[in-house]
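Remarks on the structure that follows.
Each reported figure results from applying straightforward, stated rules to the coordinates on display, with no laboratory input. None of the values given here were measured: they were computed from a predicted structure. Here the Cβ positions follow ideal geometry from the backbone for every residue, glycine too, while neighbour counts run over all protein chains shown.
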C-alpha cells in the first residue's frame with residue numbers, strides 16, 4: 001500500500017527519527033582545514049558528526065543518508081532535497097548552495 005505525505009510532514013518525521021536515534025543535534029564550530037568563520041558541524045549526543053556545513057554546502061553523514069533513503073524509499077536527489085528543506089527550516093539565516101552525501 002502506498003501513502004502520499006507532504007514534504008512538511010516528511011521533514012517532521014525525519015526530525016523525530018533523528019531526535020530519537022541520535023538525540024538533539026548540537027552545533028559546534030567546524031575543525032575542517034578549509035573551514036571559514038561560520039562553518040559548523042552538527043553532532044549527535046555521542047559526538048558523531050551527522051552533518052557538516054562547510055563553504056555554504058551541507059554534507060550528510062553517509063549512514064544517515066542511506067538509512068533515510070531506504071526507510072522512506074527515496075532517491076538520492078529526493079533525500080538531498082528533503083535535507084535542503086530541513087536545513088532551511090532549522091537554519092534559515094545560513095545560505096545553502098548544495099547538499100550531498102559525505103564520504104566521511
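Short-range pairs are left out: with C-alpha atoms under 8 Å and at least six residues apart, the relative contact order of the chain is 22 percent. Only DSSP H runs of four or more residues enter the estimate; each adds -39500 (n - 2.57), and after division by the residues of the chain the mean residue ellipticity at 222 nm equals -13000 deg cm²/dmol. Among beta bridges identified by DSSP and lying wholly in the chain, the antiparallel ones come to about 75 percent.
Counting other Cβ atoms within 10 Å as a rough exposure proxy, the listed residues 72, 87 run 72, 87 from fewest neighbours to most.
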